[in-house]
Each structure stands twice: as C-alpha cells, then as structure tokens.
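The block underneath contains the structure these notes are about, expressed in structure tokens.
The values are calculated or read from the model by the stated rules, or taken from the named source; none is laboratory data. Bear in mind that the values here come from a model prediction, so they are computed numbers and not experimental data. Reconstructed Cβ throughout: ideal geometry from the backbone, glycine too, with neighbour counts over all protein chains shown. These area figures cover heavy atoms from the full protein model, side chains too; ligands, DNA and RNA do not enter into them. Shrake-Rupley method; radii C 1.70, N 1.55, O 1.52, S 1.80 Å.
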Amino acid sequence: MIIVMQSGAPETEIDRLDAELQSWGLKPEKIVGRYKVVIGLVGETADLDPLQLQEMSPWIEQVLRVEAPFKRASRQFRHGEASEVRVTTPDGEVIFGEHQPIITIAGPCSVENEDMIVETAKRVKAAGAKFLRGGAYKPRTSPYAFQGHGESALDLLAKAREASGLGIITEVMDAADLERIAAVADVVQVGARNMQNFALLKKVGAQDKPVLLKRGMSATIEEWLMAAEYVLAAGNPNVILCERGIRTFDSRYTRNTLDLSAIPVLRSLTHLPITVDPSHGTGWSSYVPAMAKAAIAAGTDALMIEVHPNPQKALSDGPQSLTPDAFDNLMQELAVVGNAIGRWQNAPVFA
Ligand code: PEP
Ligand code: MN
C-alpha cells in the first residue's frame, strides 16, 4: 500500500501519520521526492481499506493498493507455484492442477430419476469423464420451475457413484443441507448465484470436502478471488474456480458470455485450479464443443459439461445439454487438443 501526500503537506502531519501507522504494527517507509512525500506501507495491509486510510488526513492525495487484497488465493502465497486439489473418488485419486491432465466433469443439470442419472454416469465415464455432476438442490430463477428432488436426489447420486466409480459434484444452496450433501459429494459446488453468500462460503470453508466455486454472473475476477479467500480463510485449502460465463449485453444468441480470458488472468493471479463450464457459458449445446476446445487451448485445468440422455425432455437446461453420443464425440475431439498440449489422459485418443 502506498500513501501519496499532497505537495506542501506539513512535516508534522507526515510524522503524525507515521506514528499512527506504526501504532497499527505497520512499518511506514518515507520517500521524499522533490515535490511530494510518498509513504510505503510494509506489513499486513490486506485488510486495510484504502478509502478509510484516505480519511486519516486531509493532506493525503491518494492511497494506492500495490498488492492484491486476496492473500491466501494469490499466486505469491504459494511462491508462484500452482496448487493441486486432490479428490478421492471410488475409482481412485483425481488431481486438479496446472501440471495435471485435464479433468472432465459431466452430467445433467438436475438429477431427475435413478435410470437417467445412472445411465448418464455410465455413459460419461465410458467417454472419459472423472466426475458426475447433477443438482439435487437447484437455484432457479422462477419459484415455479423444477427445484430439484433434494435429499432423495442425493441418494440417487450415491447410487450413480457406486454404479460408475465416478466422483460426485453437486451444489449446496443452503448451509442447512451442507452436511447431508458433503456425505455424498466428493466436491461441493457453490453456484454462481451464491458466490457472494458469505455465510455459506464460511460454512463450506469449515468442512473438509473440496469446493468448486463458480463465478458469479456479474462478478469481477477480484470479487471471485475474494469469495475463494473466504473459503480458504475458513480453513479449507481445496478450492477449484469455475468460469461459467458472465452477463454482458447479448442474451438473445448466447445465455452468457464465456470469459475465456479469465483463464490466463487467473493463472497469473492465483495458484488455484481452474475449470470452465461452456454449457452455462453459452446456453446452447451446439456452441459447447467450440468453447470446450478453446478452453483447453487457453489452459483450463478442467471442464464441466452438461449431458442428458434426452435433452428435449430435461427438467432444466435441456437446450445446453449434450446427448451422451455427442459428449462421446466431443471427448474424442478434446483428446486431440489435450494431446497437442500434453495434458490428456482420460479419454481414448482420436485416431
Ligand atoms: C449448475 O451448475 O447447474 C448451475 C446452476 O450453474 P451456475 O451456478 O453456474 O448457474
Ligand atoms: Mn444447469
């Protein structure tokens, strides 16, 4: 953090600030220029608010934050190294990370019944997926839309897990359901609409299952990383970020704008693994393959793709869901891109 004093700021005022900042445990370092004095603050500045600091003296011209406000999520926190999130699934350990093969998560938007979830699990596994996704508790814009089958859907996910050997990723909307969800899920998802539900973030941070944190639909990258910071600060180091598209101005042809530029940006800012969800990102199954391939080329560590055995009959998000056959084809295409960058091992190589 840097405090720039106005030119002509009295020395007594600068000394007063110096003493006050020292009393907070900081080390102010004064740089005297020709016209202005600048105070560099060394120490724990992550929780200081620049606007509040500005109020300390009418002689302060501006306060600049040099380091990011997210500390544990920052790349520097791990000395520039990427972190890995290791997940134990029935089939063994799956690792999310920059130096690992790309992980694919696939499955329906919602868990609808036993047959569809078990069938989908088997099909996506045969195509190379490592995780089954599927919502038991669904965040829907309309209260009249299908809300998910809740607890009974968790039982069906447990059955699909056993039948397929896949890990399970499912969303928690209400902290009251967390324990029940974490008993079945290998990774707990926090959805876009809850990215800034700070009470929920603290709760998922205080339990042991890894957390997939989706980007809020209007969240900046900094807000997203601050949300991850909540989980990390609460004690859970296993956070995976998921870009799922943000709101821009076109909603006619795409549901969201998939921000693939977030991938290299996150890579430079954070050590956390990155997932891309081209299904919610575009809203249309026909656009999913192009964006999935682009996400791999841009450096994602994982993909989350909606797959439904009969998208026309899906209770939620049918238009953006691939059929199992389409998913199988896509995985073969993804293998080509993944192999080209040396990050593919979970699907048959396209001959
Ligand atoms: C989902 O993954 O089904 C979902 C609701 O996603 P998002 O929170 O990104 O809208
Ligand atoms: Mn969905």
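Being within 14 Å of ligand 2 (Cβ to nearest atom), more than 15 Å from the chain's Cα centre (by Cα), open to solvent by 10 Å² or more (accessible area, probe 1.4 Å) and within 17 Å of Val124 (Cβ to Cβ) is a property that Pro311 has.
Note on the stretch 314-331: among residues that are open to solvent by 40 Å² or more (accessible area, probe 1.4 Å) and within 15 Å of ligand 2 (Cβ to nearest atom), the one that is farthest from Ala292 (Cα to Cα) is Leu315. What do you reckon, is Leu156 in the same structural domain as Leu241 (by TED's automatic domain parsing) and open to solvent by 10 Å² or more (accessible area, probe 1.4 Å)? So Leu156 passes the test. Looking across the stretch 265-309 at every residue that is part of a loop (DSSP other than H, G, I, E, B) and out of contact with any helix residue (DSSP H, G or I) (no Cβ under 8 Å at 6 or more places or on another chain), the one that is farthest from Ser83 (Cα to Cα) is identified as Asp277. Please go through the stretch 64-81 and pick out each residue that is part of a loop (DSSP other than H, G, I, E, B) and either open to solvent by 80 Å² or more (accessible area, probe 1.4 Å) or among the acidic types (Asp, Glu) (or both). Of everything in the stretch 64-81, those that are part of a loop (DSSP other than H, G, I, E, B) and either open to solvent by 80 Å² or more (accessible area, probe 1.4 Å) or among the acidic types (Asp, Glu) (or both) turn out to be Val66, Glu67, Arg72, His79, Glu81.
Within the stretch 229-243, track down each residue that is assigned to a loop (DSSP other than H, G, I, E, B) and open to solvent by 10 Å² or more (accessible area, probe 1.4 Å). Steps first, answer last, please.
Going through the stretch 229-243, the residues assigned to a loop (DSSP other than H, G, I, E, B) turn out to be 234-238.
Hits for the stretch 229-243 are Ala234, Gly235, Pro237, Asn238.
Among the residues of the stretch 130-171, which ones are away from ligand 2 (no atom under 16 Å from the Cβ) and of a type in the set (A, V, I, L, M, F, W, C)? Can you show your working first?
Here is the first cut: in the stretch 130-171, the residues away from ligand 2 (no atom under 16 Å from the Cβ) are 130, 143-144, 150-152, 154-156, 158-167.
Of everything in the stretch 130-171, those that are away from ligand 2 (no atom under 16 Å from the Cβ) and of a type in the set (A, V, I, L, M, F, W, C) turn out to be Leu154, Leu156, Ala158, Ala160, Ala163, Leu166.
Residue count for the stretch 201-228 under the criterion of being in contact with a Leu (Cβ under 9 Å, 6 or more places away or on another chain) and part of a helix (DSSP H, G or I): the result is 10.
Residues being surrounded by 24 or more Cβ atoms within 10 Å (Cβ to Cβ) and either part of a loop (DSSP other than H, G, I, E, B) or of a type in the set (Val, Ile, Thr) (or both) are represented in the stretch 248-259 by at least one member.
Note on the stretch 139-151: residues that are surrounded by fewer than 22 Cβ atoms within 10 Å (Cβ to Cβ) and touching a residue at least 12 places away in the same chain (Cβ under 8 Å) total 7.
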